[in-house]
Amino acid sequence: MSRLILFVTEQVKPGGKLSHVEALSAGLEHHGWTTERLDWNALSFVEKALVAGPMRLLDSMQRGLGQRWSLPALNQRFAAHLRIRLSRRGVTDIVHVQEPLTFRAAAGAARGIPIALTVHGPVHREVASAWNLALDHPVVRWLREIERRAYLEAAAVIAVDQAHLEYVREFGREHDVWSIPNFVDTRRFHPAVSPERFPDEVEQWIAGRPVVLCPRRLVPKNGVAVAIRAGAEIASRGLPVAVVIVGDGPQRSELEQLAAEPLHAPHSRLIGEAGLERMPGWIRRSDVVVVPSVPSKGVEEATSISAIEAQACGRPVVASAIGGLREIIRDGETGLLVPAGSAPALAEAVLRALREPGLATRLETAAALEVTSLRSHEAGAARYVEVYETLRDRESR
């Protein structure tokens, strides 16, 4: 039996990276690999306080400054935990890091073990976008250098779409680079899932209207403001809908203010985060799922897990025609693509899906079949196994 540690870093909240890791774990176990995860929850209360406390203080003094403290501190803690786990276990074939910012911990602790690194996004650009920092800000430049070193030193780099593969190559990495699109656990996300009601107060607000679900983290690149504006646009064209936004993030206050404006309040509502266990039922409860991503400081959507989850559940997806979304959605066949940032275009496509049941059924059926064959946890993990075995065979020579 092979052994693999999935090294996830601090992300333990619902979101694309956590969904990816759980789907990958399920797929690897299907293929005979055992998995183990090291993340923020592995740290003690004191360790978390030593990482997060100074970070918050420094960020209150200057936005982004806390990263200078938290990343080295987090890497130090993770490296210590990883050394302990490796010393207590038998053979560990691969250590798989899920983002470049904690690659240093694995590199220091897992000597002699191949380290694979998955690239979910351009980290320094994502931080710049989320914190509204210039790309030449000292903290952003520092993060870019951390990325560069991780991409060049990892035994293998796996990008979640072709655009991110090219991004990695911009740093000079040419060998052992793979593009493996995201995938989902099709045991949990499938068309036979029973619809699950939203909380009672949300259902009362929906009041029988068609539901447009926007399951997105509240950051600029996810374009949630476009979905809010599209809700009012759809209503102005004669079909009131309920745009339900599931997610949290640094834009929450700003987006709540937008959704509370008289033009938008009747049509859009933010309901916060949902656990992974609730999302399949909420997707099935919805009529259309939107992924209205927009470019932000050089960041574009990857092969969106939210979109794939909706496709797997047999719901029509309307998404922006950018980034990895164009790799997983064929316009008019497995979903509808619209220009990024255009609320009128998003509204028009949602109206098509709602008013043309034949179209919606064709999109749902084709997308669900494609996910089952190409983007299931079993199919996706099989491609990762090819990478792992390449590294393991090379190490054994």
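Remarks
- Beyond 31 Å, the tail of the calculated P(r) for the chain holds 38 percent of the Cα pairs.
- Its Cα gyration tensor gives segment 259-397 an equivalent ellipsoid. The semi-axes, each the square root of 5 times an eigenvalue, are 31, 18, 16 Å from largest down.
- For the peptides 286-296, 200-210, residues were scored by their other Cβ atoms within 10 Å and the scores averaged per peptide; the highest-first order is 286-296, 200-210.
- Packing-based order for 297-306, 59-68, using average beta carbon neighbours within 10 Å, highest first: 297-306, 59-68
- Converting phi to 3J(HN,Hα) with the Karplus coefficients 6.51, -1.76 and 1.60 and the offset θ = phi - 60°, segment 118-126 yields 9, 9, 8, x, x, 4, 5, 6, 5 Hz in sequence order, with x at every glycine or proline.
- Helix axis angle, 45-61 relative to the chain longest principal axis, alpha carbon, degrees: 60
- In terms of surrounding Cβ atoms within a 10 Å radius of their Cβ, HIS377, HIS30 rank from fewest to most as HIS30, HIS377.
- Taking ARG144, ARG216, ARG197 and counting other C-beta atoms within 10 Å, the order from fewest to most: ARG197, ARG144, ARG216
- Taking max minus min of the alpha-carbon positions on each principal axis, segment 52-155 gives extents of 45, 28, 16 Å, largest first.
- Between helix 343-355 and the chain: long-axis angle, C-alpha atoms, 0 to 90°, nearest 10: 70
- Peptides ranked, highest mean first, by Cβ atoms within 10 Å: ranges 367-376, 385-394: 367-376, 385-394
- Dimensions (Å) - segment 172-266, Cα atoms, principal axes, largest first: 54, 35, 25
- Potential lengthening of the chain between THR390 and GLU201 amounts to 62.8 nm, from the contour at 0.36 nm per residue minus the alpha-carbon distance.
None of the figures in this text is laboratory data; all of them are computed from the coordinates on show. The shown structure was predicted, so the numbers you read here are calculated from the model rather than taken from an experiment. As a convention, Cβ positions derive from the backbone with ideal geometry for all residues, glycine included, and neighbour counts pool all protein chains shown.
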